[in-house]
């Protein structure tokens, strides 16, 4: 774990109890004198270093040693328009998208998305926080929803589309927004919208699941 999220991070004296104490002292086996890094949700860009001053059976007291502005993010920004798939699949790959450095995800109710999937943005945020603490990232992935592919392309005209086509992705330095379909791909009606939009595929003969494509495309562009 690179840092710990605590809403009190930044105060001179930080008291750790409950699950935080159990994790840091009993699981991670930290002891008096150890230095730990913290960030607060209110100001994620600030990194606070604390020293463990004392450890009790159910609590620990930490004293602030230093605070610095330390933003950790990808050198590039990538906005993914992701047609809605099974939320269990989204949750499995979301930590990896945080690690890769995706900056924004718009979940789109496309024509082939199953209507029974409900997006739980609060749960996505909790999953994101766990990933951020593990990889060191200092910002959430911005998330929103969109009613249709047409509405998404209208709002983001710079979009490039990942789809079955002849063009293999080679140069990706200019890609800032990419649209990825759900299982089954895009409908004929949606593909009519792509006449004026650049489409590409990856150099593989295999058919990728939506979540695999999302990870692969994000990695290709950002890493």
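Give the number of residues within the range 115-139 that are free of Cβ contacts under 8 Å to residues at least 60 places away in the same chain and either at positive phi or out of contact with any helix residue (DSSP H, G or I) (no Cβ under 9 Å at 6 or more places or on another chain) (or both).
Looking only at that region, the number is 6.
What's the number of the only condition in (1) more than 20 Å from residue 109 (Cα to Cα); (2) surrounded by 17 or more Cβ atoms within 10 Å (Cβ to Cβ); (3) modelled with pLDDT of 90 or more; (4) in contact with a strand residue (DSSP E or B) (Cβ under 6 Å, 6 or more places away or on another chain) that residue 200 fails to meet?
The number of the failed condition is (4).
Has the range 96-104 got at least one residue that is assigned to a strand (DSSP E or B) and either under 30 Å from residue 219 (Cβ atoms) or in the same structural domain as residue 174 (by TED's automatic domain parsing) (or both)?
Start the filter on the range 96-104 by keeping residues that are assigned to a strand (DSSP E or B), which leaves 104.
Keeping just the survivors that are either under 30 Å from residue 219 (Cβ atoms) or in the same structural domain as residue 174 (by TED's automatic domain parsing) (or both) gives 104.
Yes, the range 96-104 contains a residue that is assigned to a strand (DSSP E or B) and either under 30 Å from residue 219 (Cβ atoms) or in the same structural domain as residue 174 (by TED's automatic domain parsing) (or both).
Would you kindly identify the helices (runs of 4 or more DSSP H) lying entirely within the range 129-223 that contain at least 2 residues that are within 21 Å of the chain's Cα centre (by Cα) and assigned by TED's automatic domain parsing to the domain that holds residue 114?
On the way: elements: 149-155, 188-192, 210-222.
The helices (runs of 4 or more DSSP H) meeting that bar are 210-222.
Kindly indicate whether any position in the range 44-64 is buried (at least 16 other Cβ atoms within 10 Å of the Cβ), outside any strand (DSSP E or B) and either at pLDDT below 95 or out of contact with any strand residue (DSSP E or B) (no Cβ under 6 Å at 6 or more places or on another chain) (or both).
Yes; the residues of the range 44-64 include at least one that is buried (at least 16 other Cβ atoms within 10 Å of the Cβ), outside any strand (DSSP E or B) and either at pLDDT below 95 or out of contact with any strand residue (DSSP E or B) (no Cβ under 6 Å at 6 or more places or on another chain) (or both).
The values are calculated or read from the model by the stated rules, or taken from the named source; none is laboratory data. Please read these numbers as outputs of a predicted model, since none were measured by experiment. Heads up, the Cβs are rebuilt from the backbone with ideal geometry, glycines too, and the neighbour counts pull from every protein chain shown.
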